[in-house]
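Take a look at the structure set out below.
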Amino acid sequence: MLKSMGKVIYYVASSLDGYIATEDNKLDWLLDFGFEAFQTHYDQFLAGVGSLVMGSVTYDFIRAEDPGSWTYGTLPCQVLTSRKLQAPEGTGVRFTSGDIRSICAAAVSDAGDADVWVVGGGHVAAQFADAGLLDEVRVTYMPVALGSGRPLLPVAAPTGRMRLTGTTSFNGGAAELRFSAE
């Protein structure tokens, strides 16, 4: 039997006009929607995740929201940073920098048969996209426009075509679009 491989997935929420945070990295516009409508869907996604990759801005945001705990337990999590940061005790957090291909390979190895979640951080996801390392992009578009902010996927050059593989609509007007690399 062949070993199944997980996917490298950028899973994120965005405004209708393509921003994942305000210019000052705030998510109030997103948090105002609440998460009751999304919780079951999110829990199903997270159950298939074996490792995480995020940037230090996303890491700092998560730590500031709940400094006494770590949302992702012991899941292996690589945080891309050039700064000296402190990992929460008893977690799978480690700090790294360098070649995105090596970072991705380590995350895939950590995940085993499960998926790698590229969390938040459009710049981190763009590094994966620019290197051709994203298997799937899942964007939940929220029914609000911001006018400016942190872009969804600020790639250095156009990506290859992606194929729409699924949609999910949520109460309140949000819709998730799932795209796979062709």
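The values are calculated or read from the model by the stated rules, or taken from the named source; none is laboratory data. Note that the structure is predicted; figures quoted are calculated from it, not measured. No Cβ is skipped: glycine too gets one built from the backbone with ideal geometry, and neighbour counts run over all protein chains shown. Note: accessible area is taken over every heavy atom of the protein model, side chains too, but ligands, DNA and RNA are not part of it. Shrake-Rupley method; radii C 1.70, N 1.55, O 1.52, S 1.80 Å.
If you check Thr74 against the conditions, is it part of a loop (DSSP other than H, G, I, E, B) and among the hydroxyl-bearing types (Ser, Thr, Tyr)? So Thr74 passes the test. A single member of Asp135, Asp130 is within 16 Å of the chain's Cα centre (by Cα), open to solvent by 50 Å² or more (accessible area, probe 1.4 Å), more than 21 Å from Thr81 (Cβ to Cβ) and not hydroxyl-bearing (Ser, Thr, Tyr), and it is Asp135. When the stretch 102-126 is limited to residues that are within 17 Å of the chain's Cα centre (by Cα) and free of Cβ contacts under 8 Å to residues at least 40 places away in the same chain, the one that is most open to solvent (accessible area, probe 1.4 Å) turns out to be Ala105.
Okay, residues lined up against (1) open to solvent by less than 60 Å² (accessible area, probe 1.4 Å); (2) modelled with pLDDT under 90; (3) among the β-branched types (Val, Ile, Thr):
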{"residue": "Lys7", "(1), (2), (3)": "no, no, no"}
{"residue": "Gly34", "(1), (2), (3)": "yes, yes, no"}
{"residue": "Thr71", "(1), (2), (3)": "no, no, yes"}
{"residue": "Arg94", "(1), (2), (3)": "no, no, no"}
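Filtering the stretch 128-182 to residues that are farther than 26 Å from Val79 by Cα and of a type in the set (Phe, Trp, Tyr) leaves only Phe170. On the given criteria, is Leu177 part of a strand (DSSP E or B) and closer than 27 Å to Gly34 by Cα? Against the criterion (part of a strand (DSSP E or B) and closer than 27 Å to Gly34 by Cα), Leu177 qualifies. Restricting to the stretch 49-68, name every residue that is among the hydroxyl-bearing types (Ser, Thr, Tyr) and free of Cβ contacts under 8 Å to residues at least 60 places away in the same chain. Ser56, Tyr59, listed by residue number.
For Leu133, the stated conditions do not hold, so it cannot be described as in contact with a Gly (Cβ under 9 Å, 6 or more places away or on another chain), at pLDDT 95 or above, assigned to a loop (DSSP other than H, G, I, E, B) and under 25 Å from Ser14 (Cα atoms).
Can we say Arg83 is basic (Lys, Arg), within 25 Å of Gln127 (Cα to Cα) and open to solvent by less than 90 Å² (accessible area, probe 1.4 Å)? Give the steps one after another, and end with the answer.
Details: basic (Lys, Arg): yes; within 25 Å of Gln127 (Cα to Cα): yes; open to solvent by less than 90 Å² (accessible area, probe 1.4 Å): no.
No: the conditions fail for Arg83.
Of the residues making up the stretch 139-174, those that are without any contact (Cβ under 8 Å) to a residue 40 or more places away in the chain, open to solvent by 40 Å² or more (accessible area, probe 1.4 Å) and part of a strand (DSSP E or B) are Met162, Arg163, Leu164, Thr165, Thr167, Ser169.
Can you pull out every residue in the stretch 56-69 that is of a type in the set (Gly, Ala, Ser), within 25 Å of Pro151 (Cα to Cα) and open to solvent by 70 Å² or more (accessible area, probe 1.4 Å)? Passing the criteria: only Ala64. For residues that are modelled with pLDDT under 95 and among the hydroxyl-bearing types (Ser, Thr, Tyr), scanning just the stretch 39-55, find the one that is most open to solvent (accessible area, probe 1.4 Å). Here the answer is Thr40.
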